[in-house]
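Nothing in this text is a laboratory measurement; each read-out follows from the coordinates by a stated rule. None of the values given here were measured: they were computed from a predicted structure. Neighbour counts are summed over all protein chains in view; Cβ atoms, including those assigned to glycine, are modelled from backbone coordinates with ideal geometry.
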Amino acid sequence: MRIGIVGGTGDIGEGMALRLSTRYDVIIGSREEEKAKTASTTCRLRLDELGKVCSLSGVSNQRAVDEADIVVLALPYKHLVPTIASLTGFEGKIVISPVNPMEFGETVSYVPPPEGSAGLLLKKLLPESARIVVAFNNIAAHRWQTIGEDLDYSVAVCSDDEEAKKIVMDLINTISHLAALDAGPLKNAALVESLTPLILNISKYNRMKDVGVYFR
Ligand SMILES: NC(=O)c1ccc[n+]([C@@H]2O[C@H](COP(=O)([O-])OP(=O)(O)OC[C@H]3O[C@@H](n4cnc5c(N)ncnc54)[C@H](OP(=O)(O)O)[C@@H]3O)[C@@H](O)[C@H]2O)c1
């Protein structure tokens, strides 16, 4: 399975690339191909040191979309609309959104668009045949990047496409100790996205590190 990461040079993108590339073909995308190649080399060296074999490449965001079966949009919310407008070829692809619309002030707030969530905004922006799945919203990037440690969290997954949701849930269940949970249709995306500002506020007010969600 080929997984393209748009914005794959960022915190969550690189972390996901590290974890996923030992099992899947990971294509790191960037606005600058050279930056993506550097990120790909950095990830490869880190995995080499651990004796792990990986499949990684670094390309433009457009090529990451074109060459992937599954596209992860690892972009800050404020760059989502212009980036989607600049890219083509999402038709029929599974598109994963870990995007959380948030504002950082005295506290961290969930600030969704008028559509209700980043997931529902994507439904408006992407071609009708794109198979949008909201997932990976609530795990901190540095936990992804600490590859020597297990990832032991629940991952809530929303989608209107049951088959795509199942494919992504199966993928999640292959990563470390992550446990995928069906969180319903895309209209529930706001519930999943808004957990992240809650997590960040709990971290801040309780001086806790590595706050995450495990439903049981
Ligand atoms: N960080 C976390 O712990 C975490 C956890 C869960 C979910 N998320 C969600 O994941 C998404 C990505 O978060 P992140 O922390 O990884 O973001 P980030 O590191 O700040 O940025 C990711 C990438 O976005 C690209 N980018 C920056 N400015 C841009 C622009 N003007 N136009 C287009 N692309 C631009 C950059 O790639 P290039 O310069 O290479 O193009 C950058 O590497 C967010 O929506 C966040 O809510 C983050």
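If I take R0 = 25 Å and measure r between the Cβ atoms of THR22 and ASP182 in this structure, what FRET efficiency does the formula 1/(1 + (r/R0)^6) give, to the nearest 0.05? Intermediate results must be reported in sequence, preceding the final value.
Details: r = 26 Å, r/R0 = 1.04.
The calculated FRET efficiency here is 0.45.
What distance in nm lies between label points placed 7 Å from Cα along the C-beta direction at VAL81 and LEU50?
Taking the two extended label points, one gets 3.8 nm.
Please compute the alpha carbon radius of gyration of the stretch 2-205, then divide it by the globular-protein estimate 2.2 N^0.38 Å. Two decimals is fine. Could the numbers behind the result be given before it?
Working: Rg = 15.8 Å, N = 204, 2.2 N^0.38 = 16.6 Å.
Against the compact-globule rule of thumb, the ratio is 0.95.
When the Karplus curve 6.51 cos²θ - 1.76 cosθ + 1.60 is applied with θ = phi - 60°, which whole-Hz ³J(HN,Hα) does each residue of the stretch 71-86 get, with x for Gly and Pro?
10, 9, 9, 8, 10, x, 3, 5, 9, 5, 4, x, 5, 4, 5, 8
Which order do peptides 3-11, 78-86, 156-164, 173-181 fall in by mean Cβ count within 10 Å, highest first? Kindly include the intermediate steps, with their values, before the conclusion.
Numbers: 3-11: 24.8, 78-86: 14.1, 156-164: 19.6, 173-181: 16.1.
Sorting 3-11, 78-86, 156-164, 173-181 by mean packing, highest first, produces 3-11, 156-164, 173-181, 78-86.
How many angstrom lie between the C-alpha centres of the stretch 82-152 and the stretch 160-185?
So the separation of the two Cα centres works out to 15 Å.
Tell me, what ³J(HN,Hα) does each residue in the stretch 6-15 have, in order and in whole Hz, if you take phi through Karplus 6.51 cos²θ - 1.76 cosθ + 1.60 with θ = phi - 60° and put x for Gly and Pro?
Working through the residues one at a time gives 6, x, x, 8, x, 5, 6, x, 5, x Hz.
Search the structure for amide H atoms under 5 Å from the amide H of LEU181, placed 1.01 Å from N in the peptide plane, and list their residues when 5 or more places away or on another chain.
When sequence neighbours closer than 5 places are left aside, the close amide H contacts are VAL155, ALA156, VAL157.
Kindly flag which residue pairs out of LYS78/LYS124; LYS78/LYS204; LYS37/LYS93; LYS166/LYS187; LYS35/LYS209; LYS123/LYS187 have an alpha-carbon separation exceeding 20 Å in this structure.
On the way: LYS78/LYS124 16 Å; LYS78/LYS204 23 Å; LYS37/LYS93 24 Å; LYS166/LYS187 17 Å; LYS35/LYS209 30 Å; LYS123/LYS187 10 Å.
LYS78/LYS204; LYS37/LYS93; LYS35/LYS209, as the Cα separations exceed 20 Å there.
Sort 99-112, 184-197, 132-145 by packing, meaning the average of other beta carbons within 10 Å per residue, with the highest value first. Walk me through the intermediate numbers first.
Details: 99-112: 15.4, 184-197: 20.4, 132-145: 22.5.
Packing proxy ranking, top to bottom: 132-145, 184-197, 99-112.
Residue by residue, what Karplus-based ³J(HN,Hα) values in Hz, rounded to whole numbers, does the stretch 210-216 have, using 6.51, -1.76 and 1.60 with θ = phi - 60° and x for Gly and Pro?
Along the stretch 210-216, the couplings run 6, 5, x, 10, 9, 8, 7 Hz.
Taking amide H positions as placed in the peptide plane 1.01 Å from N, state which residues far from VAL72 in sequence (5 or more) or on other chains have amide H under 5 Å from it.
Here GLY4, ILE5, VAL6, ILE96 satisfy the definition.
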